[in-house]
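The values are calculated or read from the model by the stated rules, or taken from the named source; none is laboratory data. Just so we're clear, the structure is a prediction, and the values are computed from it rather than from any experiment. For neighbour counting, all protein chains shown are included, and Cβ atoms are generated from backbone atoms with ideal geometry for every residue, glycine included. Side chains are part of the model used for accessible areas, which takes the heavy atoms of the whole protein and leaves out ligands, DNA and RNA. Shrake-Rupley method; radii C 1.70, N 1.55, O 1.52, S 1.80 Å.
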Amino acid sequence: MQRIVKAKIDALGWFPTLSGSLPQDDFNRTGPAPVATSVGTKVWVQPGSSWIINGNQLSAENITGTAVIYCETGLSDLTVEADLAAIGAGAANAQGGLAIRVSDLNNFWWLSTRRTSTGQGYHFFKYQAGVAIAMGTSLAEAVTAPKRPKIFADGPVLIGYVAGVEVARVTDASFNQSATGAGFMGAAAGVGHRWDNFATTA
């Protein structure tokens, strides 16, 4: 309960979040590969060179198929957020989102910036053994940039926020509860995604 109250306060921006030694990244460097976070120096793990830095932002422009990129945080209960600086128009070009509780390239959760291939909005997906399954509540709306999506994780509960408003929630105690990676999910149907100012807080 204490963490849920804290998440609501943080989502409303009442108090600044504290960085500590947890990873953050402003992507303000030359690419193409992101290599490691600018704070915490945590290695970015991804398949091949799908994600690149372009214009001091993390870009999905080279992705074919789907590709997660993540770093180790050391925590499974945490808050993950980042600026969505750009996104393609319409649901067909909006696949992607924030990833959390990543254990490897084929097992993680993500807060998607689209609900279905034809439906815009926010929805949590479980990516288990390479298969995506929509879970929990969602919000149908046109997703535009700039936005700053945020995921709060506490035990079996994952909550997605945008501008202090809850947009998605899922409760699931059966999958990746102890996984500690965080980052981004990308796809060929979302190569217009660009992200900036990635942050994790306890």
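Overview of results
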item	result
Residue under evaluation V35, criteria (1) on the phi < 0 side of the Ramachandran plot; (2) open to solvent by 30 Å² or more (accessible area, probe 1.4 Å), criterion not met	(1)
Residue within the stretch 103-110 that is closer than 21 Å to Y161 by Cα, polar (S, T, N, Q) and either at pLDDT below 95 or open to solvent by 50 Å² or more (accessible area, probe 1.4 Å) (or both) present	no
Meets criteria (of a type in the set (S, T, N, Q) and under 20 Å from R194 (Cβ atoms)) for Q120	yes
Search result, residues across the stretch 181-191 that are open to solvent by 10 Å² or more (accessible area, probe 1.4 Å) and in contact with a strand residue (DSSP E or B) (Cβ under 6 Å, 6 or more places away or on another chain)	none
Strands (runs of 3 or more DSSP E) (entirely within the stretch 83-174) containing at least 2 residues that are aromatic (F, W, Y) and over 20 Å from W44 (Cβ atoms)	120-128
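Residue-by-condition table, conditions (1) free of Cβ contacts under 8 Å to residues at least 60 places away in the same chain; (2) within 12 Å of the chain's Cα centre (by Cα); (3) surrounded by 14 or more Cβ atoms within 10 Å (Cβ to Cβ):
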residue: S112; (1), (2), (3): no, yes, yes
residue: F124; (1), (2), (3): yes, yes, yes
residue: A129; (1), (2), (3): yes, no, no
residue: M135; (1), (2), (3): yes, no, yes
residue: V143; (1), (2), (3): yes, no, yes
residue: K150; (1), (2), (3): no, yes, yes
